[in-house]
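As structure tokens, the structure follows; a few thoughts come after it.
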């Protein structure tokens with residue numbers, strides 16, 4: 001487990017190493033849609049695995065709360 005390898009607890013790893021949107025997407029189940037779209041036979045990027053590409057896609061859809069209230 002990553003927490004043990006880093007010498008931290010799971011809560012410390014979650015708080016400081018995992019983006020809050022990834023955690024909330026996991027908790028509400030919406031992260032599953034992103035991973036269900038992964039085609040294991042198709043490499044998404046030259047430098048990223050399909051899983052990393054899925055997380056990048058998930059994060060690209062994230063808008064911080066304070067920006068949602070700003071009118072352009």
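The values are calculated or read from the model by the stated rules, or taken from the named source; none is laboratory data. If you're wondering where the values come from, they're calculated on a predicted model, not measured in any experiment. Backbone-built Cβ (ideal geometry, glycine too); neighbour counts: all protein chains shown.
Test residue 3 against the criterion of being modelled with pLDDT of 75 or more and in contact with a helix residue (DSSP H, G or I) (Cβ under 8 Å, 6 or more places away or on another chain), and give yes or no. Outline the logic, then answer.
Values: modelled with pLDDT of 75 or more: no; in contact with a helix residue (DSSP H, G or I) (Cβ under 8 Å, 6 or more places away or on another chain): yes.
Against the criterion (modelled with pLDDT of 75 or more and in contact with a helix residue (DSSP H, G or I) (Cβ under 8 Å, 6 or more places away or on another chain)), residue 3 does not qualify.
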**Item:** Residue count for region 48-65, restricted to those that are at pLDDT below 85, closer than 12 Å to residue 19 by Cα and surrounded by 12 or more Cβ atoms within 10 Å (Cβ to Cβ)
**Value:** 1
**Identity of the residue in region 14-47, assigned to a helix (DSSP H, G or I), within 10 Å of the chain's Cα centre (by Cα) and surrounded by 12 or more Cβ atoms within 10 Å (Cβ to Cβ), that ends up modelled with the lowest pLDDT** = 34
**Asked** Does any residue in region 58-69 that is in a loop (DSSP other than H, G, I, E, B) come within less than 7 Å, Cβ to Cβ, of a residue that is at pLDDT 80 or above and surrounded by 10 or more Cβ atoms within 10 Å (Cβ to Cβ) six or more places away or on a different chain, and which pairs are these?
**Response** 62/21
